[in-house]
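Chemist: Mind looking over this structure? Questions follow.
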Amino acid sequence: MKKKDNRSNKYIAYLFRSIASVYLIKNENRFKIIAYQNAADSIEKMTQEIYDIWRDGNLEKVPNIGHNLASYLNEYFKSGKSDHFEQILKRIPQSVFEFMKIPGIGPKKAYKLAKTLNIIEAKDCIEKLKKSALKGIIAKIPEFGQKSQDSILNSINLYKKKSVLINRMPMPYAYDQAQLILNYLKKNKDIKRIDILGSLRRKTETIGDIDISVEIDLKNTKNIIDYFLKYPKKIDIDNSGVKKASIIVFPNIRIDLRVQSKKQYGSMLQYLTGSKLHNIKLREYALKKGYSLSEYSIKNINTKKETFFDNEKNFYNFLNLQYIPPEIREGTNEIELAINNKIPKLIELKDIKGDLHIHSNYDLKPSHDLGRNSYLDIFKKANELNYSYIGFADHNPKITNLKENEIIDILKKRKDYIYKIFDKNKNNKVQRFIGLEVDILNNGNIAIPEKAIDYVDYLIVAIHSLFNMNKKDMTNRILKALNNPKVKILAHPTGRLFGKRDGYDLDFEKIFETCKKQKVALEINSWPERLDLSYDLVRVGIQNSNKFIINTDSHATYHMDYLKYGMYVAKKAFATKNDIINSYNLNDFIKWIRG
DNA sequence: GCCGTTTTCGGCCCGACTGTTTTCAGTCG
């Protein structure tokens, strides 16, 4: 178990960052330090396990991993350790790496504290540091002072609280939090415009902190910052200056605010939206064209002439780039596409014409939970959402409690019932389909008798048990289930739940191939804690010509509004209408579901 | 230590805030 952890992307990234820190402390060449940090960034962002890539002999194809790092990693994966890495890490006390986990303490301060206070071992080092602070020893260390000591104490307390909470929140949760501060800021009449920026604007699946910018007259800066710092939910102020401020709100969410005038607001939007990697690549691209970018302007390096932008579109166009939507600014290949005017028209919420994964309260003695609303309630909601079609996808009847003929009977009665209640709504513009979400059993069979399938229009299959199978067995289990011709959708393909359960490992090359062959759509599940499949895998699927469907997995009608979250995932994956089955008009949709 | 539309050598994104040694290093995004 431990061995496997030491091969994970997360651990390797941590290892590289630790080495970068040692080099920083030892005043090594700063570009060497950056190289290790860049390698860590790359590994952290990858979908595939770096260990698997090594096994396939492709290490040097990973961005920011060159000949040297590849050879060290080769030794590390082969023998379980690397002399090179160990020699470097041995050069400083282990406590340093623990101290650096405390906000505001970086490599140099951590090293200075460890050395001066003679705290060497990792064990209990934070407690020892706290004791030194309480005794007032830290304030007497050169380059530290009373304020540093207070700040360290404060940070230790925050760090301890945070360590028992989830570090990143699901994007929909951050979205709600952001609405609260937005409502507060809107009450200030001197704020002319408010934008949510950063990862929340890019709609990444989990969010670390919330970034906000406001457009104001700069003469009001101090008042606005003060107003922000008085936000009632604030539990701490992280920093505040003349251009930005950061507060911590309950329960430990950091909110950053930037202020800017209209004249430079476009540059600010672009800068604060990120991602960091997108901005670095954009700035490198601009440098080659003779421009230096900042959050204030674009500066001509030769003439020193500055150009200002009040909107982002002009900012990108000035650099001869197509406008790049925030959702895809992740530093993959969006800049290359924008140079060649090749950024596709991405999917929008208004393109969505139906939702095919909705649970009702119709009691078919299901294997898992019922929904809370009736078919008619769901139907009414679909009308409100202007959908053209909709699918009822209750869980299959529980096979351990029921005989085969009982299950067939239940599904027949359900079909009759749905036909009966919708007869009087014949002229309605929403077309309904009868679906069923069926468990994939441990052996890959699906949890419904063959004869019962006649009573549904389509099947959704999903894993709901034995999540800890190994990659090969789990892949085969799912592949087997996909072979039934009535199976049209593979729901929440990895089974992940943010903060609760990592997804199971699958061989997606095989899953994608079989889904394509069987014309099965992979689901993008919009449930806030799932957002499954993840956008990077959806993108791989799209490049492989797979089709996807954005569903809500609703268990109550108000859940049907969550579809936007799945749509964001699709958008981040560069999805167009062509890639998303439930953007098809009714006729094309029927062709697919019957095909 | 990485990387390549000017380059296999010579570059490597840009700026805010804090505390302290009051001019700048350290940290962060």
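Chemist: So what is the relative contact order of the stretch A:9-140, in percent, for Cα pairs below 8 Å that sit 6 or more residues apart?
Modeler: 20 percent
Chemist: Evaluate the distance, in nm, between pseudo-label points positioned 7 Å from the Cα of residue A:585 and of residue A:226 along their respective Cα→Cβ axes.
Modeler: Using points 7 Å along Cα→Cβ, the separation is 6.0 nm.
Chemist: For the pairs A:161/A:276; A:90/A:160; A:45/A:130; A:32/A:234; A:45/A:486; A:345/A:480, flag any whose C-alpha to C-alpha distance is greater than 32 Å. Walk me through the numbers before you get to the answer.
Modeler: Numbers: A:161/A:276 27 Å; A:90/A:160 27 Å; A:45/A:130 34 Å; A:32/A:234 39 Å; A:45/A:486 36 Å; A:345/A:480 35 Å.
Check vs 32 Å cut-off fails for A:45/A:130; A:32/A:234; A:45/A:486; A:345/A:480.
Chemist: Between residue A:594 and residue A:368, with labels modelled 7 Å along Cα→Cβ, what's the label distance in nm to one decimal, could you check?
Modeler: 3.0 nm
Chemist: I need to check one value: relative contact order of the stretch A:361-430, counting alpha carbon pairs closer than 8 Å and at least 6 residues apart, in percent.
Modeler: So the answer I get is 39 percent.
Chemist: Okay, next question. Bin by bin, in steps of 10 Å, what percent of the Cα pairs in the stretch A:62-202 do you find, going until the bin that has the longest distance?
Modeler: 9, 25, 21, 26, 15, 3, 0
Chemist: Another question about this same structure. Give the residue from A:20, A:54, A:37 lying farthest towards the positive end of the charge dipole for the stretch A:1-59; charges sit on Cβ (+1 for Lys and Arg, -1 for Asp and Glu) and the dipole is referred to the Cα centre.
Modeler: A:20
Chemist: What FRET efficiency comes out for the pair residue A:296/residue A:6, r = Cβ-Cβ distance, R0 = 45 Å, nearest 0.05? Kindly include the intermediate steps, with their values, before the conclusion.
Modeler: On the way: r = 44 Å, r/R0 = 0.98.
Calculated transfer efficiency: 0.55.
Chemist: Follow-up. Calculate the dipole size of the stretch A:190-345 relative to its Cα centre from +1 charges on Lys and Arg beta carbons and -1 charges on Asp and Glu beta carbons; express the result in debye to the nearest 20.
Modeler: 400 debye
Chemist: Mind ordering A:277-284, A:300-307 by average Cβ neighbours within 10 Å, highest first?
Modeler: On the way: A:277-284: 17.1, A:300-307: 10.8.
Output ranking for A:277-284, A:300-307: A:277-284, A:300-307.
Chemist: Of the options A:395, A:419, A:407, report the single residue whose Cα projects farthest towards the positive end of the charge dipole of the stretch A:384-436 (beta-carbon charges: Lys, Arg +1; Asp, Glu -1).
Modeler: Farthest along the dipole direction, towards plus: A:419.
Chemist: Could you work out the helix-only [θ] at 222 nm for chain A, with each DSSP H run of four or more residues adding -39,500 (n - 2.57) and the total divided by the number of residues, to the nearest 500 deg cm²/dmol?
Modeler: After summing the helix terms and dividing by residue count, I get -12500 deg cm²/dmol.
Chemist: Looking only at the stretch A:277-434, where both bridge partners belong to it, what percent of the DSSP beta bridges are antiparallel (to the nearest 5)?
Modeler: The antiparallel fraction comes to roughly 45 percent.
Chemist: Quick check on the stretch A:168-306: what does the Kirkwood estimate of hydrodynamic radius come out to from the alpha carbon pairs, in Å?
Modeler: 15.8 Å
Chemist: Let me ask another. Roughly what % of DSSP beta bridges within the stretch A:380-470 run antiparallel, to the nearest 5?
Modeler: Numbers: 1 of 13 bridges.
Beta bridges within the stretch A:380-470, antiparallel portion: roughly 10 percent.
Chemist: With a cut-off of 19 Å, note down the residues of the stretch A:507-531 whose backbone N falls inside the zone around a label point 7 Å from the Cα of residue A:471 toward its beta carbon.
Modeler: A:507-515
Chemist: Using alpha-carbon pairs under 8 Å, 6+ residues apart, how would you state the relative contact order of chain A in percent?
Modeler: 8 percent
Chemist: Take every DSSP beta bridge with both residues inside chain A and express the antiparallel ones as a percent of the total, to the nearest 5. Write out the running numbers ahead of the final one.
Modeler: On the way: 27 of 59 bridges.
Around 45 percent of the beta bridges assigned by DSSP in chain A are antiparallel ones.
Chemist: Tell me the Kirkwood hydrodynamic radius of the stretch A:1-124 in angstroms, computed as one over the mean inverse distance between distinct C-alpha pairs.
Modeler: 15.1 Å is the Kirkwood radius here.
Chemist: Charges only on Cβ, +1 for Lys and Arg, -1 for Asp and Glu: so what's the dipole of the stretch A:136-223 about the Cα centre, in debye to the nearest 20?
Modeler: Rounded to the nearest 20 debye, it is 140 debye.
Chemist: Moving on to the next point. Taking the Cα centre of chain A as origin, sum charge times position over the Cβ atoms of Lys and Arg (+1) and Asp and Glu (-1), and report the length of that vector in debye to the nearest 20.
Modeler: Value, rounded to 20: 1440 debye.
Chemist: Let me ask another. Relative to the first principal axis of the alpha-carbon coordinates of chain A, what is the inclination of helix A:107-117, with its axis defined by its Cα atoms, in degrees from 0 to 90 and to the nearest 10?
Modeler: The answer is roughly 60 degrees.
Chemist: How much length would be gained if the chain were fully extended between residue A:409 and residue A:131, taking 0.36 nm per residue of separation minus their Cα-Cα distance, in nm to one decimal?
Modeler: Working: separation 278, 0.36 × 278 = 100.08 nm, distance 7.01 nm.
Value of the extension gain: 93.1 nm.
Chemist: Would you mind calculating the gained length between residue A:349 and residue A:193 on full extension (0.36 nm times residue separation, minus the Cα-Cα distance), in nm to one decimal?
Modeler: Gain on extension, residue A:349 to residue A:193, equals 53.8 nm.
Chemist: Would you kindly compute the Cα radius of gyration of chain A and its largest Cα-Cα separation (Dmax), both in Å?
Modeler: 27.1, 83
Chemist: Going by how many other beta carbons lie within 10 Å of each one, how would you line up A:457, A:56, A:355, fewest first?
Modeler: Placing the least packed residue first, the sequence is A:56, A:457, A:355.
Chemist: Residue-wise, which Karplus ³J(HN,Hα) couplings in Hz belong to the stretch A:357-363, taking 6.51 cos²θ - 1.76 cosθ + 1.60, θ = phi - 60°, and x for glycine or proline?
Modeler: 9, 10, 9, 9, 9, 5, 8
FYI, it's all coordinate maths here, none of it is from the lab. Note that the coordinates shown come from a computational prediction; the quantities given were computed from them, not determined experimentally. Reconstructed Cβ throughout: ideal geometry from the backbone, glycine too, with neighbour counts over all protein chains shown.
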